Amino acid sequence: MKRRRTFSDAAMATSLFGLALLLGAPCQAESAEEDDVDFAALQADAKRSFEEGVTPFVNNYCTKCHGNRRSKGGLNFEAALKSPGGTASSQQWRQALANVKAHDMPPDDEDKQPTDDERQKFQDWVGKIKFLSPKDPGLFVIRRLTKVEYGNTLHDLFDVDPDVADELPDEVFGEGYLNNLSPLQSEQFIGIANEVLERILAPDGTPPTEVQKRLFGEMPAPGADLRAAAKDVARSLARNAYRRPPSEGEVDVLLQVFDLARENDLAYPAALRLMLKAVLVSPQFLFITPAVEVEPGRKIVPLDDYQLASRLSYLLWSSMPDAELSALADSGKLHESANLNAQVKRMLQHEHSSALYDGFGAQWLRLGDLQRKTFDPDKFPQMTGEMRQSMVDEARLFFESIVRENQSVVRFVDSDYTFLNGTLATLYGLEETVTGSEMRKVTLTDANRGGILGMPGVLATTSFPNRTSPVKRGVWVLEQVLGQHVPPPPANVPALEKQNPTEVANLTLRQRTELHQTNATCANCHKILDPIGFGLENFDAIGRWREQDDTGGAIDAVGELPGGEHFTAPRELKAIIAARESDLARNLTEKLLAFALCRPLEGYDEIVVDHMMEKIAQDGYRMQTLISEVVTSYPFTHRRIQE
């Protein structure tokens with residue numbers, strides 16, 4: 001007698017993951033690319049500059065320690081010299097550029113030192129290396145939904161509370177996402193799928209819920225073909241959950257689950273329930289996957305409209321495309337520039353666009369760890385959970401206002417308003433005028449405040465638990481605001497707390513920090529970092545204004561930036577940085593593009609950003625234009641086919 005097939009949750013999930021991973025691929029045909037004469041000329045000039053400038057410079061001053069099989073500090077230029085435009089070389093050139101610009105390399109104890117003119121020419125030459133990269137949208141990441149995205153998607157599909165996903169661990173973000181799935185995570189997703197089904201479907205033998213009717217339709221009439229009805233349900237479920245039309249193979253996988261349930265004597269509604277569960281644990285639901293097959297031999301193709309819709313929706317809303325976006329994908333017209341730009345504007349005005357801060361903004365400002373950051377409770381008893389949440393809310397509301405009102409990126413640095421409640425107002429000295437727990441927009445009259453540089457959340461994040469850190473604040477401004485690469489500190493440099501107590505007993509924090517500049521190894525970086533941090537020393541470790549530091553010494557906020565620009569207070573430092581609007585906009589553009597692509601920028605991306613910046617500058621560096629340029633960019637709308 002034929003043995004009846006049986007199954008368990010784990011077995012079903014394992015088989016479904018295996019079957020579904022064999023299915024699916026993108027994309028529509030790409031129009032033939034025309035030869036770009038200008039780009040070819042730039043490539044030729046870059047090649048000549050590299051051979052005549054970069055190679056001799058590296059051979060003269062670098063390869064003694066970073067070549068010929070020597071990799072001091074883990075850096076070796078042999079491969080980069082052979083393939084300067086290669087993906088793997090990008091990070092090496094960025095590190096070399098930062099070190100040469102900061103006079104960190106060659107080390108001061110080397111006899112051979114380049115002149116300032118040679119250093120400048122090297123920087124100019126390295127700036128052309130981007131043209132040696134082939135036109136390529138870069139590595140395409142088919143990634144898994146994040147915890148937040150997963151919860152939001154379940155909410156939009158079934159109207160369940162996003163907290164159903166709370167048991168999943170939080171992700172650790174860089175410029176991308178994990179794209180794997182461990183056995184433990186598979187079990188967690190199965191458990192969450194069970195919980196969702198319990199919330200939305202009626203128990204056996206009871207009238208169906210409204211959600212159940214919407215998902216499964218009416219019960220087929222007696223004698224009807226149940227498998228045919230189930231196939232229609234499978235196609236509908238998959239279209240919504242996969243965010244694209246399913247392939248016939250994907251529908252067949254779901255029908256196999258239905259068949260298996262029926263063979264095990266499950267009633268029609270129970271078999272549909274199991275089929276829906278299969279949808280919720282499938283890679284097509286958990287990952288953002290392409291819709292159509294790629295012609296053999298294609299190396300680079302445009303994203304299909306369904307994948308473009310998902311990429312856009314998860315960037316701006318951290319959830320699945322809505323009906324309007326899906327309809328445009330169905331029509332095949334979403335990729336048209338006018339439609340794509342219109343959707344960006346529409347979506348940014350929607351309340352769901354607050355997700356752009358939660359996904360990108362908090363990562364950019366590095367406020368993600370503020371809730372868990374330790375502060376000395378004796379020195380800073382104000383750092384309660386309520387205060388920390390208020391700091392985060394201020395940053396979120398400020399970010400959202402600049403995006404939705406389409407303000408210039410300069411407003412991130414130089415603004416005359418913020419958002420406060422009674423708790424946070426105490427740090428601003430406005431507790432008499434701002435009371436209550438509700439956050440509201442507040443006009444600021446103190447020019448030292450306003451913008452992210454004077455925001456308590458940022459100032460607290462860039463401090464130590466018991467004091468400020470001019471160095472951390474300087475690094476934060478250079479990297480997060482101006483987009484400069486700061487080399488890591490050399491080994492064996494003592495922290496301020498480890499300095500000789502007798503020698504530093506009568507020194508202010510500024511004087512103790514400046515001792516780093518007496519160390520030749522540290523001086524070049526600290527002469528750039530420290531003045532910026534000193535310019536913010538009027539703010540204590542949680543962002544309160546002060547005139548004296550912890551030693552009782554007067555705050556000295558005087559500083560000078562490279563190029564000879566002087567400042568004496570935070571408001572003057574803000575004005576100097578705000579004037580560098582092109583640097584501010586480019587940094588934000590690069591960071592948002594990297595976030596949107598789920599990978600670090602490299603090679604041809606730099607050329608793409610150059611073109612984006614021309615259009616962003618023409619519109620006064622406004623945020624919605626910046627976001628639209630990211631969404632319509634070549635690497636966002638195309639993908640490389642992995643061989």
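The values are calculated or read from the model by the stated rules, or taken from the named source; none is laboratory data. These figures come from a predicted structure and were not determined experimentally. Heads up, the Cβs are rebuilt from the backbone with ideal geometry, glycines too, and the neighbour counts pull from every protein chain shown. Side chains included, ligands, DNA and RNA excluded: accessible areas come from the protein's heavy atoms. Shrake-Rupley method; radii C 1.70, N 1.55, O 1.52, S 1.80 Å.
Numbers below:
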{"quantity": "Within the range 124-168, considering residues that are among the hydrophobic types (A, V, I, L, M, F, W, C), in contact (Cβ under 8 Å) with a residue 40 or more places away in the chain and touching a Leu at 6+ places or on another chain (Cβ under 7 Å), the one nearest to Ser310 (Cα to Cα)", "calculated": "Leu145"}
{"quantity": "Answer from Asp414, Asp378 - the residue that is more than 21 Å from Trp476 (Cβ to Cβ) and open to solvent by 60 Å² or more (accessible area, probe 1.4 Å)", "calculated": "Asp378"}
{"quantity": "Of residues in the range 589-608 being in a helix (DSSP H, G or I) and open to solvent by 30 Å² or more (accessible area, probe 1.4 Å), the one farthest from Gly85 (Cα to Cα)", "calculated": "Lys591"}
{"quantity": "Subset of the range 293-323 that is small (Gly, Ala, Ser) and not in a loop (DSSP other than H, G, I, E, B) - its residue that is farthest from His638 (Cα to Cα)", "calculated": "Ala323"}
{"quantity": "Long-range neighbours under 7 Å by Cβ, at least six apart or interchain, first residue more than 11 Å from Leu420 (Cβ to Cβ) within the range 437-456, second open to solvent by 60 Å² or more (accessible area, probe 1.4 Å)", "calculated": "Ala447/Arg571; Asn448/Arg571; Gly450/Asp414; Gly450/Asp416; Gly451/Asp414"}
{"quantity": "Per-region count, the range 120-157, residues more than 24 Å from Val609 (Cβ to Cβ), in contact with a helix residue (DSSP H, G or I) (Cβ under 7 Å, 6 or more places away or on another chain) and open to solvent by 10 Å² or more (accessible area, probe 1.4 Å)", "calculated": "6"}
{"quantity": "Sole exception among (1) surrounded by fewer than 24 Cβ atoms within 10 Å (Cβ to Cβ); (2) under 20 Å from Gly151 (Cα atoms) for Ala261, by number", "calculated": "(2)"}
{"quantity": "Residues (out of contact with any strand residue (DSSP E or B) (no Cβ under 7 Å at 6 or more places or on another chain), at pLDDT 95 or above and part of a helix (DSSP H, G or I)) located in the range 455-470", "calculated": "Pro456, Gly457, Val458, Ala460, Thr461"}
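Listed here are the residues, each with its yes/no results for (1) modelled with pLDDT of 95 or more; (2) surrounded by fewer than 19 Cβ atoms within 10 Å (Cβ to Cβ); (3) charged (D, E, K, R).
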residue	(1), (2), (3)
Ser182	no, yes, no
Ser186	no, yes, no
Ala193	yes, no, no
Arg227	yes, yes, yes
Lys231	yes, yes, yes
Arg239	yes, yes, yes
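So that you can scan it fast, the table gives a plain yes or no per residue for (1) at pLDDT 95 or above; (2) open to solvent by less than 20 Å² (accessible area, probe 1.4 Å); (3) at positive phi:
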{"position": "His526", "(1), (2), (3)": "no, no, no"}
{"position": "Pro531", "(1), (2), (3)": "no, yes, no"}
{"position": "Arg546", "(1), (2), (3)": "yes, no, no"}
{"position": "Gly552", "(1), (2), (3)": "no, no, yes"}
{"position": "Leu561", "(1), (2), (3)": "no, yes, no"}
{"position": "Leu584", "(1), (2), (3)": "yes, yes, no"}
